[in-house]
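Taking it in order: structure first as structure tokens, then the write-up.
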Amino acid sequence: MPESSGARPEVGDELELEVGDVAHGGVFVARADERVVFVSDAAPGEVVRARITQVKRSFARAVALDVVDRAHEARRAHVWPEADITRDPELRPGGAEFGHLRPDAQRELKRRVVTDALARFGGVTRDVEVASTAGDADGDGTGWRTRVTLHVDEHGTVGPYAARSHRVIPVERLPLAVDAIDALADRHRTARGPGRLEFTAASEGEALVRPVPDRGRATRAGVVRERVGAREFDVDQDGFWQVHRDAAATLVGAVGAAIDPELLDPRAPNLDLYGGVGLLATSFADVGGADVRVETVESARAATEHARRNLAGLPGASAVTARVDRYLEHLGRDSGAAARDAFGRATIVLDPPRSGAGGAVVRSLVELGPAQIVYVACDPVAFARDVGTFRELGYEPGGILAFDLFPSTHHVECVATLRPVR
Ligand SMILES: C[S@@+](CC[C@H](N)C(=O)[O-])C[C@H]1O[C@@H](n2cnc3c(N)ncnc32)[C@H](O)[C@@H]1O
């Protein structure tokens, strides 16, 4: 067993650490001098030599320099050679925290994070399996990103940032990106800086790059076309779209499967909250037909305008630009008894940003009393907190699914159904 030095760790210290379980954020828990140390580039059970990179009052951070003993059975050479443990940590690009482990082991770690978050913050004891997308079943965790941002430093060097830093790291390849972006980025190794380059590979057309300088004007973002099954969606080059090449289809299918058709009233005021360009509004039509009433609510006006056009083939669909919290407050305040009764028959899908919906939005949703809620979440802790609030207010989770829509990173997507306990 490695020994603790007994002294408070300092930034730059190199220690031998015994690595425990995974924590949220792509790091692993170890201890030095009774202090929790979150170690990156490690794996549970390993003994690593690690360098302390940050010391806070209640915890420290460290990065693994090499594995001293008990290398994890799923450890492999990192899919991004520049991010490998054999490199100086200062020169490792960030954004692929699990790339040193085989995909099955990555999904097992994500399972533990989701399961633990649900128990701790949501009070839900549930083992949630993490599924790969159909296209990734035999994959190695590469070739999936259709959106990539690279940074340009003041010398014109292009690359990702190092982990927890704004230092640009030049790299030979972008293994997590789809081939079209990898090839295009190869032709943009230097650029006029400082600023960033935004790469997009939509389902239709060539991959695109858009320079966004820190000073001065960026070129105007164009519109790209995405295809999901037989449907097409226009989206601004700088607007939100699910990043994994299979994510949109996976989520439309998962939300459609999560909506109970028996509870979907086609004439109720159904809602698709945080709707973007209208992607998940189409799940309502998949379950209940093109005439199902559904309003998609999104704060970015440009996205809502696309949503209106993207959903034009669905007569029951509408799109409004609004912040969800204000939209729900307004509904709660201004609805008469008949409208409130109608909300009791509604199905509501919500897909908030990483920070989750938050207590106020959850309370407003529960006040509307919908028949069923489908919650799509990209942060397990924010999701679990919101599930906890739903439960306090009388909505219980039914099925909870998780998908590995961000292979080789620590991110994971969850989809939960919530119903009132009547
Ligand atoms: C995770 S994305 C989901 C988009 C869409 N459901 C999809 O799958 O393509 C979250 C969306 O919420 C929007 N958004 C963020 N905060 C919001 C708010 N307070 N009210 C309404 N929309 C918001 C963002 O612009 C973004 O389009």
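The values are calculated or read from the model by the stated rules, or taken from the named source; none is laboratory data. What you see is a predicted model; the values in this text were computed from it and never measured. Because the Cβ atoms are built from the backbone with ideal geometry, glycine has one as well, and the counts that use them run over all protein chains shown. Side chains included, ligands, DNA and RNA excluded: accessible areas come from the protein's heavy atoms. Shrake-Rupley method; radii C 1.70, N 1.55, O 1.52, S 1.80 Å.
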Restricting region 246-280 to residues that are under 22 Å from the mean Cα position of the chain (by Cα), without any contact (Cβ under 8 Å) to a residue 60 or more places away in the chain and under 15 Å from Q372 (Cα atoms), the one nearest to the ligand (Cβ to nearest atom) turns out to be G256
Qualifying residue in region 209-217 (condition: within 25 Å of L251 (Cα to Cα) and open to solvent by 30 Å² or more (accessible area, probe 1.4 Å)):
no
Kindly indicate the residue of region 16-43 that is touching a helix residue (DSSP H, G or I) at 6+ places or on another chain (Cβ under 8 Å) and not in a strand (DSSP E or B) and also nearest to H100 (Cα to Cα) among those meeting that condition.
D41
How many residues of region 35-58 are modelled with pLDDT of 95 or more, surrounded by 15 or more Cβ atoms within 10 Å (Cβ to Cβ), more than 25 Å from the chain's Cα centre (by Cα) and not β-branched (V, I, T)? The answer is 5
Working carefully through the options T321, T296, find the one that is farther than 23 Å from G369 by Cβ and among the polar types (S, T, N, Q).
T321
Kindly evaluate R309 against the criterion of being over 27 Å from the mean Cα position of the chain (by Cα) and either open to solvent by less than 10 Å² (accessible area, probe 1.4 Å) or not hydrophobic (A, V, I, L, M, F, W, C) (or both).
no
Which one is nearest to the ligand (Cβ to nearest atom), of the residues in region 370-395 that are in contact with an Asp or Glu (Cβ under 9 Å, 6 or more places away or on another chain) and without any contact (Cβ under 8 Å) to a residue 60 or more places away in the chain?
C378
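Output yes when any residue across region 323-334 is without any contact (Cβ under 8 Å) to a residue 24 or more places away in the chain and over 21 Å from V362 (Cβ atoms), and no when none is.
No, region 323-334 contains no residue that is without any contact (Cβ under 8 Å) to a residue 24 or more places away in the chain and over 21 Å from V362 (Cβ atoms).
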Subset of region 302-313 that is part of a helix (DSSP H, G or I) and farther than 26 Å from S335 by Cα - its residue that is farthest from the ligand (Cβ to nearest atom):
R309
